[in-house]
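Colleague: Quick one: the structure is below, and I'll ask about it shortly.
The values are calculated or read from the model by the stated rules, or taken from the named source; none is laboratory data. Keep in mind the model is a prediction, meaning the values are calculated, not measured. Counting neighbours? That spans all protein chains shown, and the Cβs are built from the backbone with ideal geometry, glycine included. Note: accessible area is taken over every heavy atom of the protein model, side chains too, but ligands, DNA and RNA are not part of it. Shrake-Rupley method; radii C 1.70, N 1.55, O 1.52, S 1.80 Å.
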Amino acid sequence: MKPAFSVIFLTTLLGTGQGLFLALFTHQSYALFGLLPPQADSFYGYGSALALLFLAGGLVASFFHLGRPERAWRSAAQWRTSWLSREVIALPAFMGILFMYGASHLSGLDPVLVTLPGGLNINATFILGGIATALAFALFVCTAMIYACLRFLREWHSPLTVINYILLGSASGFTLAAVFSGIVAPSQTNFFGGWAIIITLLAFAGRSASLLRNARLKPKSTMQTAIGIKHPHIVQMSQGAMGGSFNTREFFHAKSATFLRAIKPTFLLLAFVIPLVLLALGMFTPALLGVAFILQYIGLLAERWFFFAEAKHPQNLYYQWRS
Amino acid sequence: MTQLALVIDLNVCVGCHACVTSCKEWNTSGSAGPLCDERPYQADPTGTFFNRVQTFEVGHYPHSETLHFPKSCLHCEDPPCVPVCPTGASYKREEDGIVLVDYDKCIGCKYCTWACPYGAREFDEKQKVMKKCTLCVDRIYDQSLAEIDRKPSCVKACPTSARLFGDIHDPESAVSQAIREDGGYALMPEWGTHPANHYLPRRKTKLNIHNDELERADNPLKVDGQLPKPGKGEPSMDDVSAW
Amino acid sequence: MSSTPLHDPFAPPVADAKTEVRNTTCYMCACRCGIRVHLRNGEVRYIDGNPDHPLNNGVICAKGSSGIMKQYSPARLTRPLRRKPGSERGAGKFEEISWEETFSILAERLGKIRATDPKKFALFTGRDQMQALTGLFARQFGTPNYAAHGGFCSVNMAAGMIYTIGGSFWEFGGPDLDRSKLFIMIGTAEDHHSNPLKIALSKFKREGGRFISINPVRTGYSAIADEWVPIRPGTDGALLLAIIHEIIALGLYDRDFLVRYTNSGQLVNLDAEHDEFGMFVRTEVPEEEGCYDPQNKLWWDRNTGKAVVTHSEGADPFLFGEFRLPDGTPVKPAFQLLQERVKDYTPEWAEQITGIPAETIHRLAHEMGITARDQKIELPIAWTDSWGKEHDTVTGNPVSFHAMRGLAAHSNGFQTIRALSILMTLLGTIDRPGGFRHKTPFPRPIPPCARTPNDPRAVQPNTPLDGMALGWPSDPDDLFVNPDGSPVRIDKAFSWEYPLSVHGMMHNVITNAWRGDPYKIDTLLLFMANMAWNSTMNTGEVRKMLTDKEESGEHKIPFIVVCDAFHSETTAFADLILPDTTYLERHDVMSMLDRPISEFDGPVDAVRIPVLPSTGECKPFQEVLIELGTRLKLPAFATKEGQRKYRDYPDFIVNWETEPGSGIGFLAGWRGKGGEKFLRGEPNPNQWEMYAQNNCVYHYKLPRSYQYMRNWNKGYLEWSQRNRITRYAEPILIHLYSEVLQKFRLAAQGRGITRKPPAHLAKRIETYFDPLPFYYEPLETQASDKHRYPLSALTQRPMAMYHSWDSQNAWLRQIHAHNYLYVNSRTAQDAGIADGDWIWVESQWGKVRCMARYSESVEPGTVWTWNAIGKAAGAWNLSPDANESQKGFLLNHLISEELPDNPDGARYSNSDPITGQAAWYDVRVRIYKTEVGEPEQTSPQFESMKRYPGMSEPPGWLAYFAGNKK
Ligand SMILES: Nc1nc2c(c(=O)[nH]1)N[C@H]1C(S)=C(S)[C@@H](COP(=O)(O)OP(=O)(O)OC[C@H]3O[C@@H](n4cnc5c(=O)[nH]c(N)nc54)[C@H](O)[C@@H]3O)O[C@H]1N2
Ligand SMILES: Nc1nc2c(c(=O)[nH]1)N[C@H]1C(S)=C(S)[C@@H](COP(=O)(O)OP(=O)(O)OC[C@H]3O[C@@H](n4cnc5c(=O)[nH]c(N)nc54)[C@H](O)[C@@H]3O)O[C@H]1N2
Ligand code: SF4
Ligand code: SF4
Ligand code: SF4
Ligand code: SF4
Ligand code: SF4
Ligand SMILES: [Mo]
């Protein structure tokens, strides 16, 4: 497939936004149970605003992917069948709740709604945060399922796709949270940094697993099934459009095999290895966390590029980029 | 239930591309139109077509076959392009199984093309909506056309009548019969999309000659006394047997 | 599942649009299918095949369906243009002028030429279909220098067959696939009979017919063949002769057919001392008045054992043997000579030459012979033959052939095609069910009656040419030569160099005119011919000739007029450009006087009727000729007093008759005052309307008894004579043995009373004018270093492009934007060339750089490419970086219009020595990889062509929607 920059940014920005929120809310949950010192509302509030910024960035990027952005509102219609539709619903829903969550923190309008038998006060923000968490995961699933549900794209058609979207988004979100807290709540940095390391490690494992899996995939469709001729030697002589067509533009990354091969270690280094090192060092020198996040985000962009480029669409059998 | 479809007979398709341009021609000024072309007179011209004819070579010289292979939307019975569409712009008509795009709903997200294993949809880069073969839905029911014209444009055009059109759910239809009798097959059956369009394979006619057919009594060489007869002086059994 | 669609696919896309459907005839190629043009608010909405048209029955091809993009192409010329004074020819600088000015320039210049030496005006036309009118104009003007594309196209096919069976493939006849069982297609990619052949082929295959294709390349039609027989180019003669050998050796020929309908049994004079050596012996029977081919030859009767007049009641000739006439003259039946000729042409011999295994050749012969013999068709159709014998049935031997330029475009093509015609004859398949069928006006006498003048005095100032510019020589006295034997025509057609060049030799006009050999001309008018690009050989040099100047500073070809509809490469070399209309904008006729679109069952002609107004100042060339003819006061167009005879072209078509009161005009349908007559009849003022009401086509169906065996069908021949289709009604016996060729050979041997060739040409004539077919290596191959140039290079027509016409077509050019050289994968690997590599292709004449593509469907000694896809930069109003000029290439740069210099210094055209057919497919090449660092661009390149006044800037986007919804 040809990686579209709108989609690369869309998925990575959303992932970071979702991850950041999850980090904040994890913190709030810890704090609720007294495992961590509660932070000022502004910490969660501004953190949510930052997450919203990323999500909005993703939203904007998504419009670049649409031929007819003015009709984008229509895309919620098919939630019964379409993961894209579901994503379109999940995203604003998540953003809305997240907004309320952040606003509630910032405005101080955070009444206690329930008091649990143990005397634990459940505030509005906590309820909102819980809903937002569910939505964040729903959004991760929707986004990932957009790809994972396409059974012809066998590189994507795997639970690993969903797991990795969650892990990769969360990793970058937690890293960002570490950066954020490094600035506004230095005492909490190691909490976020620690989790970021754990999730990045998991993401590394998940992504490596999918790389291994994909490397062993055997194409299910072949030239023989594509045109229905039983012969081991079939060569396409012409694809019917010498100047190219939508099918040659959309489904081919047009980069060399060497480029593709080089990008893999690059993103593994940038998204996982280097950030892990920097996150670890960041425990002592918080300034490195910023670098960790930036490199990891770039790594994830590369990862996403590779994610698309690696997927071989069966339609390509009909368009072997010859004459 | 009706499922309209094309059945393409590779046995007679000569790869003339009539179906390609007649389709473009009908549809560019039709309900799907215009079908835009980018750089029409410049380098690497490219445009939206609903139907393409491709060529493949099978085997090695001299036992090679050249295969012309027309391909448009196969109007899958279980079309993976439809459920993924977020807007409902992609839909399959219940009454005849035609898979269509609603150009007024389509947001141009291209997701449906990812879901089609056949590369049968083309995004119109100027109109910014997804387009594909409509089975000429705006011809086949048009009562203002004469009966013989109520066919897809490509079918009408095809000089070798390699393109059959009809209801593959009606066992009596010409298309069902062709699929049944001439070995009709579907593309990429492994995905369970159940394409409505089918292809008919090459069929070969051979002539079997027996040697004795070469030497017949009515050989005209006899009339002219030219059939090789052994000379009288040549050896024969008469010379060596004594009974 | 989904809610109702917003977009109603059934709603009319343009509300309240005015729609209409008009019938006319397609001209996206020479096939001439009937089309319906659907207009919406005056724009073309759709063009489809007319289901009521006999030729295409409603189907249409890729080109025909793309007519819209031709009509609205930005490459169209829209104004008469004159080369800017002071600008160089070829620089492409033009200024608009009015038609009035155009006509006055032309009338003045041509008037002067006509008043002095009409030869100095040459009119040559390309792939047009109005040779009856252009030919008439040239003849009326008085110039012999007229021809159409036939000479560089397929004249071998026309001549080889017409001189043998009185008809040919092409527009003149074809395989009866409706009833055929075995069909052999040789050297055909995409004939003029485009749609009809496709219709027939698929029907044939579906009905279980067996289809064999003999071709170095397997594409297009050959792709669906049951068997592909790859052959080395230029060697079909060897294959066909070996098949003939085998057919005769096994007695698989149709003896009855040969005896009665061919000259097989006729006795040939073999007295080497005699002036009539090699001619048929004739009886003393006095020649019948006005008889073309008197039936006065002899058979050696098996029943009586003596010589009798052919077709004598009760006689049956020997086909083999050697006899002595009472006067002692040794004679042999023609068939005996054929058998002797093919004696050494064994399949094993042919294997060495053709690359086809001998076993396959044997089998091919067996398949043909046995199918013809064992699957006979008897149709219950009673008919009477020319000798008065009545037959209850028509017999068919269902083996049919079709061949085209794969045979024709070689310098041994004429004799190869003679061999093919003879093979078809041996199988008994001529004008019979399931075999070859004629189309009116064929069959014609062998050769047809039209003759060119044979004397230079036929060209006189201010006088029409005394004879036809093109014709069919029957002996050396028919040649159009000066007393010293030198050619009268600028192209040297009908001269001793190419005696039977019945379609002229357009491919040599520019070179000859430039060199002044045989003389200089003044004005060259090219109509619908892209002679500065794809229809010329040696393109690079020819382009230089077009701009070359004398020392005086005058151009070697002083004045060039080009009538074209598009911004072709040739227009750049014009001094005057006449912008033509498109086929949708003009009246036109597919006349019986030209090449009609007849069917097997009878004559068909057709018309074009404008469905759109002309664009800009475009004017149909037809109108230009009528106007010019009137201004020049040519007798056909102006009265004695110099008054205009015809208002315009439609008026001319209706009212012009071959001779006053002849009743024969351009159109055969709806003649007579009220349209009640056909073929002959007085002019009908409503003729165009009647064509318009009848799908623009007139189809006369012959009675069934006239539909077969027409060479010898008394009823048909008399019908044809009555209707002035032919002058004679004598049987047209098949020339297995060609006396016409023998007459030339005799002259070359210094015998007989006819003219004799100049000494330096005697040997050439004696060699090639063999009355029986023989195989020789193509002339250029003979003159090539085959070790240095081991490969044959060919072109093929792509189905979705017509010559150079369609690169301006936005839809078609997406299918063929550029071309590759296809090379057998193993051949390429041996040369170290990878799939897609840039390579050089080099012949002894030049080299081109292009991209190579591997192919498994090409014979290893052959490389090929699609014809005329490559374009000059900027031409056709394409951007200078368009694929056509940057990745596309033209093979013509590698092909020479002349053979390597003869030792005697003579320059011969790269043509068949008999017919002057351009030998496009004889060129030998080698291929090698380009050097590292060479540009990835085809070579040669030419300076980019400019846009002319009146042409629009091509849009970067095209969103065509008829009726103006955008
Ligand atoms: N679409 C389309 N149709 C056209 C035209 C067009 O440009 N486009 N042009 C029209 C014109 S003007 C013409 S003259 C006709 C020509 O019609 P064709 O004669 O069919 O055209 P060519 O492309 O010359 O095809 C020649 C074929 O002969 C093969 N060949 C070459 N050399 C040999 C040989 O030595 N032996 C054998 N057996 N085969 C050989 C080539 O591989 C090729 O397949 O087509 C007409 N129809
Ligand atoms: N290498 C190679 N060269 C070949 C051949 C080959 O097989 N191989 N084939 C040869 C053969 S068989 C032929 S017939 C020739 C054909 O060669 P030509 O007849 O010379 O060339 P075309 O490309 O058909 O186009 C002639 C011109 O007609 C113009 N034209 C199109 N429509 C109209 C119209 O309506 N009116 C006017 N006035 N002009 C119009 C086009 O713009 C073009 O410039 O090519 C020959 N050249
Ligand atoms: S061929 Fe592709 S576009 Fe057509 S119905 Fe099937 S999946 Fe959908
Ligand atoms: S491009 Fe249009 S039709 Fe395709 S999925 Fe998106 S909205 Fe649906
Ligand atoms: S059915 Fe209609 S839309 Fe589909 S390929 Fe044929 S012509 Fe095109
Ligand atoms: S029109 Fe018919 S013969 Fe031509 S390419 Fe299409 S299917 Fe094949
Ligand atoms: S074969 Fe020629 S005449 Fe017929 S539709 Fe095609 S382009 Fe037109
Ligand atoms: Mo031609």
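Colleague: From the Cα gyration tensor of segment C:700-840, with a ≥ b ≥ c the square roots of its eigenvalues, which class applies: rounded if a/c is under 1.5, or else prolate if a/b is larger than b/c, or else oblate? Please list the in-between numbers first.
Modeller: Values: a/c = 3.05, a/b = 1.39, b/c = 2.20.
Oblate shape, in that a/c is at least 1.5 and b/c is the bigger or equal ratio.
Colleague: What ranking of C:SER264, B:SER161 comes out by heavy-atom accessible area, probe 1.4 Å, highest first?
Modeller: Listed by decreasing accessible area, they come as B:SER161, C:SER264.
Colleague: Okay, next question. Give the share of C-alpha pairs in each 10 angstrom bin for segment C:859-966, from 0 to the last occupied bin, in whole percents, shortest bins first.
Modeller: 11, 27, 28, 21, 10, 3, 1
Colleague: Exactly which trypsin sites (Lys or Arg not before Pro) in segment A:1-91 are in a DSSP loop and have at most 13 other Cβ atoms within 10 Å?
Modeller: A:ARG80
Colleague: For the modelled label position 7 Å from the Cα of C:THR639 along Cα-to-Cβ, which residues of segment C:125-156 have backbone nitrogen atoms closer than 11 Å?
Modeller: No residue qualifies, since no backbone N sits under 11 Å from the label point.
Colleague: Moving on to the next point. Mind checking which lysines have their Cα closer than 27 Å to the Cα of C:LYS544? Skip sequence neighbours fewer than 8 apart in that chain.
Modeller: Within reach: C:LYS84, C:LYS93, C:LYS119, C:LYS120, C:LYS492, C:LYS520, C:LYS556, C:LYS847, C:LYS871, C:LYS887, C:LYS946.
Colleague: For C:LYS549 and C:GLU313 in one chain, what is 0.36 nm times their gap in residues minus the Cα-Cα distance, to one decimal in nm?
Modeller: Numbers: separation 236, 0.36 × 236 = 84.96 nm, distance 6.92 nm.
That pair, C:LYS549 and C:GLU313, stretches by 78.0 nm at full extension.
Colleague: Moving on to the next point. Do any trypsin sites (Lys or Arg not before Pro) in segment A:128-221 lie in a DSSP loop with no more than 10 other beta carbon atoms within 10 Å, and if so, which?
Modeller: Passing both the DSSP loop test and the Cβ count: A:ARG216.
Colleague: On average, how much area does the Cα convex hull of segment B:72-118 cover when viewed from any direction, in nm²?
Modeller: So the mean shadow area of the Cα hull is 3.2 nm².
Colleague: Per DSSP H run of at least 4 residues, take -39500 (n - 2.57); add these up for chain B, divide by its residues and hand me the 222 nm value, nearest 500 deg cm²/dmol.
Modeller: Values: 7 runs with 41 residues, N = 243.
Computed mean residue ellipticity for chain B: -3500 deg cm²/dmol.
Colleague: Let me ask something additional. Magnitude of the Cβ-charge dipole of the protein assembly as shown, K/R +1 and D/E -1, about the Cα centre, nearest 20 debye?
Modeller: Working: 155 positive and 159 negative charges, 730 e Å.
So the magnitude is around 3500 debye.
Colleague: What FRET efficiency would be calculated for the residue pair C:ASP484, C:ASP904, taking the C-beta separation as r and a Förster radius of 22 Å, to the nearest 0.05?
Modeller: Calculated transfer efficiency: 0.85.
Colleague: Okay, next question. Over 21 Å, how big is the tail of the calculated P(r) for segment C:313-376, in percent of all Cα pairs? Mind showing how you got there, number by number?
Modeller: Working: 1023 of 2016 pairs.
Tail of P(r) above 21 Å: 51 percent of Cα pairs.
Colleague: Further question on the same structure: Count the DSSP beta bridges whose two residues both fall in segment C:756-856, then state the antiparallel fraction as a percent rounded to the nearest 5.
Modeller: Numbers: 6 of 10 bridges.
Counting DSSP beta bridges with both partners in segment C:756-856, the antiparallel share is about 60 percent.
Colleague: Let me ask something additional. Please work out, to two decimal places, the log10 of the ratio I(q)/I(0) at q = 0.16, 0.17, 0.19, 0.20 Å⁻¹ from a Debye calculation in which every Cα of segment C:563-688 carries one identical scatterer.
Modeller: With one equal scatterer per Cα and no solvent, log10 I(q)/I(0) is -0.90, -0.99, -1.14, -1.20.
Colleague: Antiparallel versus total DSSP beta bridges in chain C: what percent is that, nearest 5?
Modeller: Percentage antiparallel, nearest 5: 65.
Colleague: Using alpha carbons only, how many degrees (0 to 90, rounded to 10) separate the axis of helix B:18-28 from the longest principal axis of chain B?
Modeller: 10
Colleague: Another one. Measure out, as a whole number of angstrom, how far apart the alpha-carbon centroids of segment C:689-706 and segment C:148-188 sit.
Modeller: The distance from the Cα centre of segment C:689-706 to that of segment C:148-188 comes to 24 Å.
Colleague: Taking the Cα centroid of segment A:205-277 and of segment B:1-22, what is the distance between the two, rounded to the nearest whole Å?
Modeller: 31
Colleague: Pick out, in residue order, every one of the GluC sites (Glu not before Pro) in segment C:635-699 that is DSSP loop and has at most 12 other C-beta atoms within 10 Å; say none if there are none.
Modeller: Taking segment C:635-699 and a limit of 12 other Cβ atoms within 10 Å, the loop GluC sites (Glu not before Pro) found are C:GLU641, C:GLU676.
Colleague: Can you compute the equivalent ellipsoid semi-axes for segment C:864-917, i.e. the square root of 5 times each eigenvalue of the Cα gyration tensor, sorted largest first and rounded to whole Å?
Modeller: Whole-Å semi-axes of the equivalent ellipsoid: 33, 11, 9.
Colleague: Take the residue pairs B:LYS128/C:LYS63; A:LYS220/B:LYS132; B:LYS206/C:LYS181; C:LYS181/C:LYS389 and return only those whose Cα atoms are more than 21 Å apart.
Modeller: Among B:LYS128/C:LYS63; A:LYS220/B:LYS132; B:LYS206/C:LYS181; C:LYS181/C:LYS389, the Cα-Cα distance tops 21 Å for B:LYS128/C:LYS63; A:LYS220/B:LYS132; C:LYS181/C:LYS389.
Colleague: Also, quick follow-up: Given labels modelled 7 Å from the Cα in the Cβ direction, how far is it in nm from A:SER107 to C:GLU276?
Modeller: The modelled label-to-label distance comes out at 12.4 nm.
Colleague: Using only alpha-carbon positions, what ratio does the radius of gyration of chain C give when scaled by 2.2 N^0.38 Å?
Modeller: Ratio of Cα Rg to 2.2 N^0.38 Å: 0.92.
Colleague: Let me ask another. Divide, for segment A:85-195, the radius of gyration over alpha carbons by 2.2 N^0.38 Å, where N is the residue count.
Modeller: Working it through for segment A:85-195, the quotient is 1.30.
Colleague: Treating the Cα atoms of segment B:123-173 as identical point scatterers in vacuum, please give the log10 of the normalised Debye intensity I(q)/I(0) at q = 0.13, 0.18, 0.23 Å⁻¹, two decimals.
Modeller: The computed values of log10 I(q)/I(0) come out as -0.43, -0.73, -0.95.
Colleague: Continuing with this model, one more query. How long are the three semi-axes of the equivalent ellipsoid for chain B, computed from the Cα gyration tensor as the root of 5 times each eigenvalue, in whole Å, largest first?
Modeller: Output for chain B: semi-axes of 55, 20, 18 Å.
Colleague: Would you kindly compute the Cα radius of gyration of segment B:1-109 and its largest Cα-Cα separation (Dmax), both in Å?
Modeller: Expressed in Å, the Cα Rg and Dmax of segment B:1-109 come to 17.0, 52.
Colleague: Related question: From zero up to wherever the largest Cα-Cα distance of the protein assembly as shown sits, split into 20 Å bins and tell me the percent of pairs in each.
Modeller: Over the protein assembly as shown, the share of Cα pairs per 20 Å bin runs 9, 32, 32, 16, 8, 3, 0, 0 percent.
Colleague: For segment A:173-236, go through all pairs of different Cα atoms, get the mean of 1/r, take its inverse, and jot down that Kirkwood value in Å.
Modeller: 15.5
Colleague: Another one. Could you check which residue among A:ALA144, A:ALA124, A:ALA40 shows the biggest mean-square fluctuation in a GNM of chain A with a 10 Å Cα cutoff?
Modeller: Greatest mean-square fluctuation among the candidates belongs to A:ALA40.
Colleague: Please state the charge dipole magnitude for segment A:1-109, taken about the Cα centre, from unit charges on C-beta atoms (+1 on K and R, -1 on D and E), reported in debye and rounded to the nearest 20. Could the numbers behind the result be given before it?
Modeller: Numbers: 6 positive and 3 negative charges, 101 e Å.
That gives a dipole near 480 debye.
Colleague: Would you report the distance distribution of C-alpha pairs in segment A:220-302 as whole percents per 5 angstrom bin, up to the bin with the largest distance?
Modeller: Percent of pairs per bin, in order: 3, 12, 12, 12, 12, 10, 8, 8, 7, 6, 5, 3, 1.
Colleague: Moving to a separate point now. On a straight-distance basis, which lysines could pair with B:LYS131 in a cross-link, Cα separation under 20 angstrom, same-chain partners fewer than 8 positions away excluded?
Modeller: The qualifying lysines are A:LYS2, B:LYS24, B:LYS71, B:LYS92, B:LYS105, B:LYS110, B:LYS151, C:LYS965, C:LYS966.
Colleague: Looking at chain A from every direction and averaging, what is the projected area of its Cα convex hull in nm²?
Modeller: 19.1
Colleague: On to the next question. Taking the Cα-to-Cβ direction at C:SER952 and at A:ALA4 and moving 7 Å from each Cα, how far apart do the two end points lie in nm?
Modeller: It works out to 3.2 nm between the two label points.
Colleague: While we're on this one: What's the center-to-center distance, using Cα atoms, between segment A:63-112 and segment C:531-609 in Å?
Modeller: Cα centroid of segment A:63-112 versus Cα centroid of segment C:531-609: 66 Å apart.
Colleague: What does the charge add up to near B:ASN27, with Lys and Arg as +1, Asp and Glu as -1, over the other residues with Cβ less than 12 Å from its Cβ? Could you put the intermediate results ahead of the total?
Modeller: Working: positive: B:LYS24, B:LYS131, B:LYS132, B:ARG139, C:ARG45; negative: B:GLU25, B:GLU122, B:ASP124, B:ASP138.
For residues surrounding B:ASN27, the net value is +1.
Colleague: Using only alpha carbons, build the gyration tensor for segment C:143-235 and give me the equivalent ellipsoid semi-axes, biggest first, whole Å.
Modeller: Working through the eigenvalues yields semi-axes of 26, 16, 12 Å.
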